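Participant: Here it is, the structure, as structure tokens.
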Amino acid sequence: MLELKELCVSIQDKEILKDISLTIPDGETHVLFGPNGSGKTSLLLAILGYPQFKITKGEIIFNGKRVDSMAVDERARMGMGVFFQRPPVIKGMKLNDVLKAVAKKNGSGMDINKSTEALNLSYLAERDINAGYSGGEIKRSELSQMFAQKPSFLMLDEPESGVDIENMKLIGKKIRMLLERDIEKEKRMRSSLIITHTGYILDYVDADMGYSLINGSIKCRKHAGRLFEHIQKFGFKECELCQDTA
Ligand SMILES: Nc1ncnc2c1ncn2[C@@H]1O[C@H](COP(=O)(O)OP(=O)(O)OP(=O)(O)O)[C@@H](O)[C@H]1O
Ligand SMILES: [Mg+2]
């Protein structure tokens, strides 16, 4: 579904991502680990096409098409969706209205009331999107937008940070459902790239491949669960030296 070929990305003439190559096949979920400031969010935003992230080398191929010169909205229409780490506040735009508009445009068939209730969001529906939302409310709101959009490729930037234990259960189960992890891989319609520091999401989503991104370069790649165990045991310093790419 997604292929990055030797992708290099700069912001304000500073190179922040170097020679990133990875392939996420249909139906797979891959995980990006890395210390603060290593370039994880920048990679997601560059894949989505944020104009401040300049691609200086390499290619982004999505569903067989080169997309690196396409606008953000074109990529979104092709099926990319992002669950932001820090989504913008949009004054005058209610969560309910955003969900209605997105669900209508994408024909996702989402029942807005049912869905906001299931994510414990009904009380926020009439408030401006992200205005004064708590950390956990932002995450549930982002997830409700994913259900409205139903993208074929989901990029989830720290879906669990700041979420309490009860809501983690709720969010984890919903993400598992959205990524269709309970059905055979061949029948799944969605793929995903998830960023996590805590790894809590891996209790709910049995991810496939994992990468460790250090200083803008991928230093290690292996099964997500094994890589997370390795990072917990030895820290990111060891990832720099790790040659285990099996
Ligand atoms: N708009 C910008 N202008 C200048 N520098 C930026 C901009 N956006 C990102 N950077 C820099 O790029 C680097 C990577 O940032 P990024 O947000 O991708 O890190 P991250 O791996 O997601 O970190 P975290 O785990 O803290 O979320 C940082 O040094 C950051 O300051
Ligand atoms: Mg980040």
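Participant: Considering only residues that are at positive phi and loosely packed, with under 14 Cβ neighbours inside 10 Å, which ones fall in segment 34-72? Steps first, answer last, please.
Facilitator: First, pick out the residues of segment 34-72 that are at positive phi: 34, 37, 39, 49, 58, 63-64.
Those that are at positive phi and loosely packed, with under 14 Cβ neighbours inside 10 Å: GLY37, GLY64.
Participant: Residues of segment 7-45 being more than 12 Å from ligand 2 (Cβ to nearest atom) and under 16 Å from the mean Cα position of the chain (by Cα), which ones?
Facilitator: LEU22, THR23, ILE24, PRO25, ASP26, GLY27, GLU28, THR29, HIS30, VAL31 - these are the residues of segment 7-45 that are more than 12 Å from ligand 2 (Cβ to nearest atom) and under 16 Å from the mean Cα position of the chain (by Cα).
Participant: Return yes when ASP13 is exposed (fewer than 15 other Cβ atoms within 10 Å of the Cβ) and touching a strand residue (DSSP E or B) at 6+ places or on another chain (Cβ under 6 Å) and no when it is not.
Facilitator: Details: exposed (fewer than 15 other Cβ atoms within 10 Å of the Cβ): yes; touching a strand residue (DSSP E or B) at 6+ places or on another chain (Cβ under 6 Å): no.
Answer is no for this residue.
Participant: Can you pull out the residues in segment 211-233 that are within 24 Å of GLU15 (Cβ to Cβ) and in contact (Cβ under 8 Å) with a residue 40 or more places away in the chain?
Facilitator: Result: TYR211, SER212, LEU213, ILE214, ASN215, GLY216, SER217, ILE218, ARG221.
Participant: On the basis of being without any contact (Cβ under 8 Å) to a residue 12 or more places away in the chain, more than 23 Å from MET1 (Cα to Cα) and part of a helix (DSSP H, G or I), does LYS104 make the cut?
Facilitator: Numbers: without any contact (Cβ under 8 Å) to a residue 12 or more places away in the chain: yes; more than 23 Å from MET1 (Cα to Cα): yes; part of a helix (DSSP H, G or I): yes.
It is true that LYS104 is without any contact (Cβ under 8 Å) to a residue 12 or more places away in the chain, more than 23 Å from MET1 (Cα to Cα) and part of a helix (DSSP H, G or I).
Participant: I'd like to check something: does segment 173-184 contain any residue that is at pLDDT 95 or above, within 16 Å of ligand 1 (Cβ to nearest atom) and either under 26 Å from ASN36 (Cα atoms) or not acidic (Asp, Glu) (or both)?
Facilitator: Checked segment 173-184: no residue is at pLDDT 95 or above, within 16 Å of ligand 1 (Cβ to nearest atom) and either under 26 Å from ASN36 (Cα atoms) or not acidic (Asp, Glu) (or both).
Participant: Taking the stated definitions as given, is ALA101 more than 21 Å from the chain's Cα centre (by Cα) and either hydrophobic (A, V, I, L, M, F, W, C) or within 16 Å of ligand 2 (Cβ to nearest atom) (or both)?
Facilitator: It is true that ALA101 is more than 21 Å from the chain's Cα centre (by Cα) and either hydrophobic (A, V, I, L, M, F, W, C) or within 16 Å of ligand 2 (Cβ to nearest atom) (or both).
A quick yes/no check of all residues on (1) charged (D, E, K, R); (2) in a loop (DSSP other than H, G, I, E, B); (3) free of Cβ contacts under 8 Å to residues at least 60 places away in the same chain:
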{"position": "GLU142", "(1), (2), (3)": "yes, no, yes"}
{"position": "GLU160", "(1), (2), (3)": "yes, yes, yes"}
{"position": "LEU170", "(1), (2), (3)": "no, no, yes"}
{"position": "LYS174", "(1), (2), (3)": "yes, no, yes"}
{"position": "ILE194", "(1), (2), (3)": "no, no, no"}
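Participant: Residues of segment 118-138 being closer than 20 Å to ALA103 by Cβ and touching a residue at least 40 places away in the same chain (Cβ under 8 Å), which ones?
Facilitator: ALA118, LEU119, ASN120, ILE129, ASN130, ILE138, listed by residue number.
Participant: Something else: I'm trying to understand the selection: among the residues of segment 148-172, which are among the hydrophobic types (A, V, I, L, M, F, W, C) and either within 16 Å of ligand 1 (Cβ to nearest atom) or over 27 Å from GLY107 (Cα atoms) (or both)?
Facilitator: Passing the criteria: MET155, LEU156, VAL163, ILE165, MET168.
Participant: Looking at segment 56-71, can you tell me whether even one residue there is at pLDDT 95 or above, over 15 Å from SER192 (Cβ atoms) and within 16 Å of ligand 2 (Cβ to nearest atom)?
Facilitator: no
The values are calculated or read from the model by the stated rules, or taken from the named source; none is laboratory data. As the structure is a computational prediction, the values presented were derived from the model and not from experiment. Neighbour counts run over all protein chains shown; Cβ positions are idealised from the backbone, glycine included.
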